[in-house]
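Values quoted throughout were computed directly from the atomic coordinates according to the rules given, and no laboratory measurement underlies them. Predicted model, so just to flag it, every value in this text is computed and none were measured. Using ideal geometry, Cβ is built from the backbone for each residue, glycine included, and neighbour counts are taken over all protein chains shown.
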Amino acid sequence: MTEPLVVLKGVNKHFGELHVLQDINLSIDKGEVVVVIGPSGSGKSTLCRTINRLETFETGSITIDGAPLPEEGKELAKLRADVGMVFQSFNLFAHKTILDNVTLGPIKARKIPKAQAEKRAMELLERVGVAHQAQKFPAQLSGGQQQRVAIARSLAMDPKVMLFDEPTSALDPEMITEVLDVMVSLAKEGMTMVVVTHEMGFARKAANRVVFMADGQIVEENDPEGFFTAPKSDRAKDFLGKIL
Ligand code: ADP
Ligand code: MG
């Protein structure tokens with residue numbers, strides 16, 4: 001029996017009066033792809049940020065590979081490397097080249113020699129289809145290309161799990177597919193992924209499970225086909241009625 005890679009047990013978090021995460025229980029197996037879906041403001045981003053310890057929580061526990069989330073220091077830096085995160089806004093370093101964006105983390109946090117980090121970065125940039133842009137700066141790339149660089153940058157840290165928070169919602173429609181294709185191939189290669197997205201095509205192609213959140217709670221979970229064709233709760237039915 002292998003333990004799930006990510007385990008949240010009874011996690012609660014408030015922002016002042018707002019109970020933003022309410023008794024969240026969620027286990028994610030190694031290699032599993034979980035799509036998190038739900039109305040704006042339901043706590044999806046907060047959930048991702050909490051797993052990455054960008055946010056604290058009050059009660060409950062979160063473990064990654066059996067170890068509780070560290071509080072601070074070196075261990076926290078290691079967690080950030082183990083738990084990759086890709087945001088809606090690509091968050092690349094504007095004054096660094098594409099190559100430097102990808103090598104910086106491995107060199108600083110993983111202490112990888114520069115030449116080795118660059119070799120690996122070029123392989124990753126190749127994989128996401130932007131190797132020919134390596135010497136350019138982020139602003140010289142399209143949004144879709146920048147997001148693919150952001151994915152390569154996360155992968156360069158050899159993460160155990162990747163969190164994607166609406167990775168395509170800031171992109172022009174014609175660039176969405178090129179980013180989703182990279183994510184689908186990652187999923188097929190066995191990466192453990194938590195993906196906040198409303199892209200049903202991605203969910204159907206790549207997700208093992210859909211988790212529906214509303215008002216800080218996990219309201220229902222199902223396989224993608226079941227969730228999209230036969231949602232159980234009124235909240236999910238209502239939500240799907242609006243996005244489909
Ligand atoms: P989602 O990603 O599902 O749209 P969020 O996790 O971003 O939802 O936000 C959930 C709720 O928490 C929203 O009501 C939002 O306004 C609130 N919230 C998010 N971040 C903060 C913060 N740093 N301080 C106070 N309230 C916040
Ligand atoms: Mg969000």
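Observations on the model:
- Scanning segment 106-119 for residues being closer than 25 Å to Asp165 by Cβ and either among the basic types (Lys, Arg) or buried (at least 20 other Cβ atoms within 10 Å of the Cβ) (or both) gives a total of 3.
- Only one of Thr63, Thr56, Thr50 that is without any contact (Cβ under 8 Å) to a residue 60 or more places away in the chain, under 24 Å from Asp23 (Cα atoms) and in contact with a Phe, Trp or Tyr (Cβ under 6 Å, 6 or more places away or on another chain): Thr50
- Considering Lys74, Lys96, Lys9, the condition of being surrounded by fewer than 16 Cβ atoms within 10 Å (Cβ to Cβ), away from ligand 2 (no atom under 16 Å from the Cβ) and part of a loop (DSSP other than H, G, I, E, B) is satisfied by Lys96 alone.
- Filtered residues of segment 128-152 (kept if touching a Leu at 6+ places or on another chain (Cβ under 8 Å) and assigned to a helix (DSSP H, G or I)): Ala131, Gln133, Pro138, Gly143, Gly144, Gln146, Gln147, Val149, Ala150, Ile151, Ala152
- Residues satisfying the stated conditions in segment 50-71, i.e. surrounded by fewer than 17 Cβ atoms within 10 Å (Cβ to Cβ), within 16 Å of ligand 2 (Cβ to nearest atom) and under 17 Å from Val161 (Cα atoms): Leu54
- Just so you know, in segment 12-34 the residues that are in a strand (DSSP E or B) and more than 13 Å from ligand 1 (Cβ to nearest atom) include one that is surrounded by the most Cβ atoms within 10 Å (Cβ to Cβ), and it is Val33.
- Verdict on Ala150 being in contact with a Phe, Trp or Tyr (Cβ under 7 Å, 6 or more places away or on another chain) and either under 30 Å from Lys44 (Cα atoms) or among the polar types (S, T, N, Q) (or both): yes
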